[in-house]
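The values are calculated or read from the model by the stated rules, or taken from the named source; none is laboratory data. Keep in mind that this is a model prediction, so the values were computed, not measured. Cβ coordinates were reconstructed from backbone atoms using ideal geometry, including for glycine residues, and neighbour counts include every protein chain displayed. Quick note on the areas: whole protein, heavy atoms, side chains included, nothing else; ligands and nucleic acids left out. Shrake-Rupley method; radii C 1.70, N 1.55, O 1.52, S 1.80 Å.
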Amino acid sequence: MKKAFVSLLVLAALSLATEVTIAGSTTVQPLAETLGEAFEASHSGVTITVSGGGSSVGVKSAAEGTVNIGMASREIKASEIAEYPTMVVHTIARDGIAIVAHPECTVTGLSMDQVRGIFDGSISNWSQVGGASMPITVVAREEGSGTRAAFEEIVMGEALITDMAILQPSNGAVRTTINTTPGTVGFLGFGYIDSSIKAFAVGGSTPTATHVNDGSYPVVRPLNLVTMGQPSGAVAQFIDFVLSAEGQAIVAEDYIPVR
Amino acid sequence: MPHGRSTVKNRVENTMKTVLMISALSSVAIVFLIGFFTLKESIPAFRGIGPLNMLTEKVWRPGQDSYGILAMIAGSGLVTLGSVLIGVPLALGCAVFLAEVAPKWMAEIVRPSVELLAGIPSVVYGLFGMVVLVPLVRGIEVPGNTGFGLLSASVVLAVMILPTIASVAESALRSVPRSYYNGSLALGATRWETIWRVNIPAARSGILSAVVLGLGRALGETIAMIMVIGNSVIMPKALTGNPLSIFLSRARTLTGNIAVEISYATGVHESALFATGVVLFLLIMIVNTSARGLLKASIEGGRRK
């Protein structure tokens, strides 16, 4: 009898707690988890559940109502907006994508056209972009990666990344490959830039947070949360929290805040 | 109570029998479950793309809805061939040395070291390959050679299959009756002639199964391959006039295709990766079956002599 009463109480408590479910981009996932923990600490009775799946899954899950919020580490495609016209996009952070090369590369900057030419294979020697005579080896992420999707969308347009590219399945592996192989070039999120590789200025603008904010650095992707219609209740509270000074301070630990 | 004790004994006996049978059957059930699941998940891809298209198409670009895995079949085949070419002679030499030549104290040092090779995690081989072997291979001055490719992958794989082949081949050689060896020496053959003409032929079925075990391991290896082979989806081709330079070409293996792309794949793309798994499954089954056939033939051939 006593047991039944206790379990009833637990059930009642559980149904009182509000759950906000989030799914999508694995780039945004760790950020959303950290933000979720901070939010739970200040809002008792709300639990935030975050799962992965990738940007496309995030958009689809939010649109179909299987989760409250979808995560996408890229722009929401026109086709997605056309399919789900009531979708609302909340940009919570920005991430620059740096074009990086082996540290001994003598080139310091490239134009967007040159970057595109290098990655589609039409520019195949560093001497064609002002460097020493050495064949260019492209290093890229695998098909399906959010960083690759964002790079393709912003830089490549209709062009395809060359078949000859060395593909590595993580940002860390891309960095090691570039660091150990002369003549290589690749792309990495700003968070992965260090002294083991060289990051190019693109269109005359060096890859720094300042240049992302003033709009001069061209290769930038948004990290988005999406909801169907304007959010309300706990979902709205969470998104407001993410965009608040406290939330944006957490964002600033790894990405470029939007406020 | 002798009667009661024997009932207890019987009960223990029967329980043990059931427990053992359940463990044996569960491994069979697991194989079938995995096979069934992989096949089921691959059906949308096979339906949408067509099995023949998948197997004969060279272009794999999931973004453009191209799902050909011929390049990966070629990659897996070539890297396995390369590892066998390098690894088998090395492993057999090692096995012959341990079984026939080495003094006891030396064998006791060499054998555990070879066995230790099998205990190194595959990602460590990959890391070693990536930072040591790849730069070495890059030293071969051929245009287009970056060090990442079939040669580096074959060398890494050769070392990985060496302990399996060496230890199975060694026990095969050891199981050859001593009288063969003594008889051959008594007939005036040298020690080397005896090993080459008597012991190795007598152990050939065991040596063959050793090689096949290595082959299976080579086809299935994943992480170390991803780290050194370059993963480009291209048909491997010779970089210069010398056909051997095909081993400097980058490639992707069937296993690598699954591991590299599965984390973000959805829909047909995901299903196509399962289809890659089905092809790999079939390939390994063909290797194992033909090996068993070879083994049987060689044993029967030996009997006829």
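Can you find even one residue in the stretch B:87-102 that is out of contact with any strand residue (DSSP E or B) (no Cβ under 6 Å at 6 or more places or on another chain) and not in a helix (DSSP H, G or I)? Looking for residues that are out of contact with any strand residue (DSSP E or B) (no Cβ under 6 Å at 6 or more places or on another chain) and not in a helix (DSSP H, G or I), one finds at least one in the stretch B:87-102, hence yes.
Within the stretch B:128-148, being open to solvent by 30 Å² or more (accessible area, probe 1.4 Å) and within 20 Å of the chain's Cα centre (by Cα) holds for one residue alone: B:128. The lone criterion from (1) at pLDDT below 90; (2) of a type outside the set (S, T, N, Q); (3) open to solvent by less than 20 Å² (accessible area, probe 1.4 Å); (4) not in a loop (DSSP other than H, G, I, E, B) left unmet by residue B:277 is number (1).
The rows are residues; the columns are (1) modelled with pLDDT of 90 or more; (2) in contact with an Asp or Glu (Cβ under 6 Å, 6 or more places away or on another chain); (3) assigned to a strand (DSSP E or B).
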{"site": "A:133", "(1), (2), (3)": "yes, no, no"}
{"site": "A:152", "(1), (2), (3)": "yes, no, no"}
{"site": "A:158", "(1), (2), (3)": "no, no, no"}
{"site": "A:174", "(1), (2), (3)": "yes, no, no"}
{"site": "A:185", "(1), (2), (3)": "yes, no, yes"}
{"site": "A:212", "(1), (2), (3)": "no, no, no"}
{"site": "A:216", "(1), (2), (3)": "yes, no, no"}
{"site": "A:227", "(1), (2), (3)": "yes, no, yes"}
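Taking first residues from the stretch A:34-57 that are within 14 Å of chain B (Cβ to nearest Cβ) and partners that are polar (S, T, N, Q) and part of a helix (DSSP H, G or I), the Cβ contacts under 6 Å between residues at least 6 apart in sequence or on separate chains come to A:52/A:29. Residues in the stretch A:97-130 that are acidic (Asp, Glu) and without any contact (Cβ under 8 Å) to a residue 40 or more places away in the chain: A:113 only.
Close contacts from the stretch A:213-232, counting a first residue that is crowded, with 18+ Cβ neighbours inside 10 Å and a second that is among the basic types (Lys, Arg) and at pLDDT below 90, with Cβ to Cβ under 7 Å and a gap of 6+ residues or different chains, come to A:221/A:74.
Just to check your reading of the model, which residue among B:82, B:75 is farther than 17 Å from residue B:165 by Cβ, part of a helix (DSSP H, G or I) and touching a Leu at 6+ places or on another chain (Cβ under 9 Å)? One residue alone meets the criteria, B:75.
Step by step: first the residues of the stretch A:134-151, then only those that are within 17 Å of the chain's Cα centre (by Cα) and more than 8 Å from chain B (Cβ to nearest Cβ), then the one that is most open to solvent (accessible area, probe 1.4 Å). Which residue is that? Result: A:149.
Can you confirm whether residue B:97 is surrounded by 15 or more Cβ atoms within 10 Å (Cβ to Cβ) and out of contact with any His (no Cβ under 7 Å at 6 or more places or on another chain)? So residue B:97 passes the test.
One line per residue, one yes/no per condition, for (1) closer than 16 Å to residue B:83 by Cβ; (2) more than 9 Å from chain A (Cβ to nearest Cβ); (3) in a helix (DSSP H, G or I):
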| site | (1), (2), (3) |
| --- | --- |
| B:236 | yes, yes, no |
| B:239 | no, yes, no |
| B:260 | no, no, yes |
| B:265 | no, no, no |
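Conditions (1) modelled with pLDDT of 90 or more; (2) more than 13 Å from chain A (Cβ to nearest Cβ); (3) surrounded by 22 or more Cβ atoms within 10 Å (Cβ to Cβ), marked per residue:
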site	(1), (2), (3)
B:190	yes, yes, no
B:201	yes, yes, no
B:218	yes, yes, yes
B:251	yes, no, yes
